[in-house]
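Would you mind keeping the following structure in view while I ask a few things?
The values are calculated or read from the model by the stated rules, or taken from the named source; none is laboratory data. All values reported here derive from a predicted model rather than from experimental measurement. Ideal geometry is used to build each Cβ from the backbone, glycine not excepted, and the neighbour counts take in all protein chains shown. To get the accessible areas, we keep the full protein, side chains included, count just its heavy atoms, and leave off ligands, DNA and RNA. Shrake-Rupley method; radii C 1.70, N 1.55, O 1.52, S 1.80 Å.
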Amino acid sequence: MGSICKQYNKQSAPDAGARTFLLWNGLGGYCSMCADFSVNRADGGILVAAVKAPNERITLVHRLTERLWADGQEFLLSSQNFADKTPAEDGLSKLEGYCLDDIPVWQYRAGKITVERTCAMAYGENTTAVVYSLRNDTAEPCTFTVTPYLKFAPKETALTQKKEFTLTDRRITADGYTLYVHTGGKISPFADWQELHYPADEADGRPDRGFAGSCCNISITVPAQSEDVLKIVFSTEEKAQSADAIMQAARKRLCQLGEDCAFSDPVAKKLAVSADSYIAKRDSTGQKTILAGYPLFSDWGRDTMIALPGCCLSTARFADAKSILQTFLAYEKDGLVPNLFPEGDQAPMYNTVDAALLLIDAVWQYYQRTRDAAFVQEAWPVMKR
């Protein structure tokens, strides 16, 4: 069973609960959890979809419970702490190591069975692929089951009440949202609820617990002395890309970002690739914007203008820089540009004066790099106001 990582960091397994990973889709949607694959805050998730890019974000798939049945035993590979008396899932004890170099990979060992998990997001879609490669070295078949736990609620919402999820074939609906589950595994109805503990939210004074519910299981049986793969794609698209296509495109795109930035230093290349996660589409203008941070923040005028030279100009993403500036120029009002585009359809907040000055500076820096005088003429009436 091959891995996309040349070497796992086995020493990293014990501190996996203290680290996080982030995957992004260029719309403001994301997949982000602790490195042990647990959620420790309400706005973590497998698929947090930007239903209106970039900041109307809905957590569809909050987390996964992963169970392996082999040799008459049940093994939990997932990790999670709960707010009630439910025993914690202890998958961390079976984690051999993980690698977060490009797209994340984990490797688990339960007896004579090895399970490798890989995740990636489709760029430009609200789609997350999770792929499990299993090797069964026992003398009996083994069964691996994934149970998705759902919220179908705004990303920061900690559910205080249970809701009904409706499973129809490979489509799950609730509260006006639809999730498609594309998989070669067997989908079986299964109703269950968990009350999760959110220690990171508790530390910040937010609700320390919230519900997540499931309406199905996804399973695969691997014969003795055999290997097989379970591929699952969670998406808002009825006809989503295949898991293989998503994985290949994600690796290719991240590699291309590293090459396009023209940095030779490997740390600088990694920073340029990471900067891509903050550059997102804004539906209201059809242009780009910069998010101030994950998972809490949206696109703030002050933060965007401060970040633009590093995220876009130093990385030679001049078209994105121009698009971002056009986004804020379009929202100028009385000589001010927005400091905050709130969630949903609310009006922008014009509660900053320095963002307007920073925008003028960003236009100047853009011109210094590009000599795009036509754009300066386009921006001049707004800058004058």
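How many residues are of a type in the set (Gly, Ala, Ser), surrounded by 14 or more Cβ atoms within 10 Å (Cβ to Cβ) and under 30 Å from the mean Cα position of the chain (by Cα) if we restrict to the stretch 342-385?
Adding up the residues that qualify gives 2.
Which of the following residues is touching a Phe, Trp or Tyr at 6+ places or on another chain (Cβ under 6 Å), buried (at least 22 other Cβ atoms within 10 Å of the Cβ), of a type in the set (Val, Ile, Thr) and farther than 30 Å from ASP276 by Cα: VAL115, VAL146?
VAL115
Let me ask something else. Where the second residue is among the basic types (Lys, Arg) and open to solvent by 20 Å² or more (accessible area, probe 1.4 Å) and the first is over 22 Å from SER38 (Cα atoms) and lies in the stretch 140-165, which pairs have Cβ atoms under 6 Å and are six or more apart or on separate chains?
Once the first residue is over 22 Å from SER38 (Cα atoms) and sits in the stretch 140-165, no partner that is among the basic types (Lys, Arg) and open to solvent by 20 Å² or more (accessible area, probe 1.4 Å) comes close enough.
Separate question: Do any residues in the stretch 249-278 that are farther than 19 Å from ASP320 by Cα and in contact (Cβ under 8 Å) with a residue 40 or more places away in the chain have Cβ atoms under 9 Å from those of residues that are open to solvent by 80 Å² or more (accessible area, probe 1.4 Å) and assigned to a loop (DSSP other than H, G, I, E, B), where the two are at least six apart or on different chains, and which pairs are they?
If the second residue must be open to solvent by 80 Å² or more (accessible area, probe 1.4 Å) and assigned to a loop (DSSP other than H, G, I, E, B), the pairs left are ALA249/TYR123; ALA250/TYR123.
Same structure, new question: Can we say TYR132 is touching a Ser or Thr at 6+ places or on another chain (Cβ under 9 Å), crowded, with 22+ Cβ neighbours inside 10 Å and farther than 17 Å from ILE232 by Cα?
The answer is no for TYR132.
Return the residues of the stretch 55-89 that are outside any strand (DSSP E or B) and open to solvent by less than 30 Å² (accessible area, probe 1.4 Å); say none if nothing qualifies.
Correct list: ASN55, LEU77, SER78, ALA83.
From (1) surrounded by fewer than 16 Cβ atoms within 10 Å (Cβ to Cβ); (2) part of a loop (DSSP other than H, G, I, E, B), pick out the condition that doesn't hold for SER298.
(1)
Considering only residues that are out of contact with any strand residue (DSSP E or B) (no Cβ under 8 Å at 6 or more places or on another chain) and surrounded by 23 or more Cβ atoms within 10 Å (Cβ to Cβ), which ones fall in the stretch 13-54?
The answer is ARG41, and nothing else.
Run down ILE232, ILE220 and say which single residue is open to solvent by less than 40 Å² (accessible area, probe 1.4 Å), farther than 29 Å from ALA42 by Cβ and part of a strand (DSSP E or B).
None of the others qualify; the one that does is ILE220.
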